[in-house]
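Right, one structure below, let's go through it.
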Amino acid sequence: MECRRLLNFLLPLMLGISGTWLLPISPLELMEFDSRFLAQVLRNVNASVEPCEDFYGYACGNWSANYENTQSYLDMPGYMDYKYNTQLLNALERHSQQGGIYELLWAYYVACRDLEQPALNELLHLLEPQLGLEWPIFRSNHSEQWRNETRFDWLATLAKLRIYGLNGVFIKQDVNVRRENGSHYVLLLAPQPADADPLGEQEVEDLYVAFGLDEPLAKNLTAKLMQLEWRLGNITLQEAEQSTDSLTEWTFAELQQRLPQINWRHYLAELLDADVADSVQLLQVTALNASYLEQLQLILAESSNETICYYLMFKLLYAFNEELPPTGSNETRSTACVLQLRGHMPLAMNYLYELHYYSERRATTDAALQKLQLKLTKEFERLINENYLQLDALELSYVQEELHSLRLKIGNIPQGLTMSQLMTYYKDLQLQHNDFYGNKLQLLRFYQRLDQQLLTNQPGMWPAHEYYQQDAVVARSSSPVKIFQNAVLLPHGYLQLPLYDARLSDLLQHAQLGFILAHELQHAFDLFHIVYDGRGNYNQTGLAVLQHFANFTSCYTEHNAQQQLLLSESMSDIVGLRLAFASYFDGVPPTDRPPVGNYTQQQLFFINSVQFLCANMQEITGMSITQDAEHGLHNERVNRNWPHHEQFANAFNCAAGQAMYQADKCRLW
């Protein structure tokens, strides 16, 4: 068997095993563990593909044959999420009767799982008392005037809907930090985004009909709505083309004085449910100007209140549609409900996993990960000191300070979190087993209130570095991420096989999770983050360092006309691969690198480094899945960036003229 054949070659490799163990593990057991891991990796290799022509197809070509549940996942990140969700569900089912946080989680899960026919109109009905209105779609006689036509306050309604997650309609707002003080939160205001998802004319008409309107009336109302959508689209596009993306900071009084077209006190009072003077001293404004607001007011004045309310309603329906559990098999619905809980109650779900899975291996795994991070940091520091970018003394000091202040956060959970603390955190929630819609609105409101509490700039239950509050979309992901507070957050989900185990050899740890960590480490110095120092403050020295990236940017974009966001990701791939490779091989003399089966250690490194990106690309391509705007498709990403490593071509004997041979390798540091 392949596993046994590899075993004979692994003893020298296993001498690099790191970490301490709860129980003694013999060298033979470690060899067998590594051998099983390698055998699984190599089963994904398609040896019929030439690695110098299509390295991704070579390293991942047989992955889909080994991971066949394409209904639940299409790639390795999807599989890791699937496995993590299954573990969370198992823990929740086993302990559902224990009360406390389990009772809250179980109530939401059951209400979500057992919802037979998801219906958006139920959410609309529940919101009517909160908004103090009747949605025009629900009036009994559509030939009569809507009862709120003469007393509809669109600004207050917009603010109240923002509490339930609606954003980017007329006005976009976010909680941001001050440029000069990355620990001080402020409210950021901007126009409706020009790239906001548009209403679909046929979808709108079909929804009108589904609500019970006859077709002629549905067409008439749709025409009015699309006219409003078109006019709003024009002014948002116009403002986007003229915008300089400047960020202005004003006091509340300055905001009201300079942009009097909106009654900001009224809007913010409804939004924050507090006295504006006490809760908002400073605001940031970007691209929001008098011209946009005057045109907005004119457009709304020329539309009926009913049409404006319908516009808000349909934008809300589009947003709420993503919040409904899918129809389908029991497994599909169960997994989706667990995923929703990860987004709505991330701290509780992280606690669940920590308690029932990770706690028993935290000491060992954390020690191995911190050791790995330290080696990557030292290698990065060595690169910085080589000063390939020709930084001056101040710029070098700036980069080094940011590097040494970067933290590795393993599992997004406060140290020593107790059930009592958790219940205090969620004390305002009253979730019911038979009220999915009520539960959903409670949790949407709960999250928005947490976000708004940041604006008070008062200490929370835990120090800021103990628990990072994230957007629900980010919280639902198991992928590691570099966050603004100069930390790399490593969620629980990736800290298990088939991606990682602290018992693996140093080579295998560096090749996969080491590369992932190095990729995120480099994000602290990418095109966006480099201008923020180690404390999260905007810094002119960082802007000066950014100018030194020009050679890399021109080198890379000469053959890859990429957007800036994708360029930052490619930069992190190229630098991250270099850090992970050098931090291992520079410490291992060539004489101590015996081949492993038919592969050199360098070949194994590169093969293993892409395993977390393996996917069923045929299925993905066939489904016409939208390309990841940040990274690109997995296969394109690997084949575009891996050849820039100076040892890649040597490892696989790639020659000029082959697709994976990169004559001009782009170097940053």
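The values are calculated or read from the model by the stated rules, or taken from the named source; none is laboratory data. All values reported here derive from a predicted model rather than from experimental measurement. In this analysis, Cβ positions are derived from the backbone assuming ideal geometry, glycine residues included, and neighbour counts consider all displayed protein chains.
Quick notes
- Within region 318-344, restricting attention to residues that are modelled with pLDDT of 95 or more and among the aliphatic types (A, V, I, L, M), the residue that is nearest to Leu443 (Cα to Cα) is Leu341.
- Residues located in region 92-109, provided they are of a type outside the set (Ser, Thr, Tyr) and either within 26 Å of Leu161 (Cα to Cα) or not in a helix (DSSP H, G or I) (or both): His95, Gln97, Gln98, Gly99, Gly100, Leu104, Leu105, Ala107
- When Leu88, Leu155, Leu92, Leu105 are screened for being over 28 Å from Leu347 (Cβ atoms) and in contact (Cβ under 8 Å) with a residue 40 or more places away in the chain, only Leu155 passes.
- Among all residues of region 623-634, there is at least one that is part of a helix (DSSP H, G or I), touching a strand residue (DSSP E or B) at 6+ places or on another chain (Cβ under 6 Å) and closer than 20 Å to Tyr73 by Cβ.
- Considered as a group, the residues in region 194-216 that are buried (at least 16 other Cβ atoms within 10 Å of the Cβ) and not hydroxyl-bearing (Ser, Thr, Tyr) include one that is farthest from Glu229 (Cα to Cα), and that residue is Leu213.
- Selection count where residues are under 21 Å from the mean Cα position of the chain (by Cα) and basic (Lys, Arg), scope region 78-96: 1
- Val596 being surrounded by 17 or more Cβ atoms within 10 Å (Cβ to Cβ), modelled with pLDDT under 95 and closer than 27 Å to Ala39 by Cα: yes
- The one condition from (1) buried (at least 18 other Cβ atoms within 10 Å of the Cβ); (2) in contact with a strand residue (DSSP E or B) (Cβ under 8 Å, 6 or more places away or on another chain); (3) more than 18 Å from Arg637 (Cα to Cα) that Gln509 does not meet is (2).
- Residue selected from region 106-164 under the condition surrounded by fewer than 17 Cβ atoms within 10 Å (Cβ to Cβ) and of a type in the set (Ser, Thr, Tyr), by the criterion farthest from the chain's Cα centre (by Cα): Ser143
- Taken over region 26-42, the criterion of being surrounded by fewer than 19 Cβ atoms within 10 Å (Cβ to Cβ) and either without any contact (Cβ under 8 Å) to a residue 24 or more places away in the chain or more than 30 Å from the chain's Cα centre (by Cα) (or both) is satisfied by Ser26, Pro27, Leu28, Glu29, Glu32, Arg36, Ala39.
Every residue, every condition in (1) under 24 Å from Tyr532 (Cα atoms); (2) small (Gly, Ala, Ser); (3) outside the structural domain of Asp471 (by TED's automatic domain parsing); (4) out of contact with any Gly (no Cβ under 9 Å at 6 or more places or on another chain), yes or no:
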| position | (1), (2), (3), (4) |
| --- | --- |
| Leu166 | no, no, yes, yes |
| Phe170 | no, no, yes, yes |
| Ala194 | no, yes, yes, no |
| Gly200 | no, yes, yes, yes |
| Leu207 | no, no, yes, yes |
| Gly212 | no, yes, yes, yes |
| Glu215 | no, no, yes, yes |
| Asn220 | no, no, yes, yes |
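- The set of residues in region 362-379 being farther than 13 Å from Tyr500 by Cα and hydrophobic (A, V, I, L, M, F, W, C) consists of Ala363, Ala367, Leu374, Leu376.
- For region 436-476, a residue qualifies if it is in contact with a helix residue (DSSP H, G or I) (Cβ under 7 Å, 6 or more places away or on another chain) and either among the small types (Gly, Ala, Ser) or not assigned by TED's automatic domain parsing to the domain that holds Gly514 (or both), and the qualifying residues are Gly438, Ala472, Ala475.
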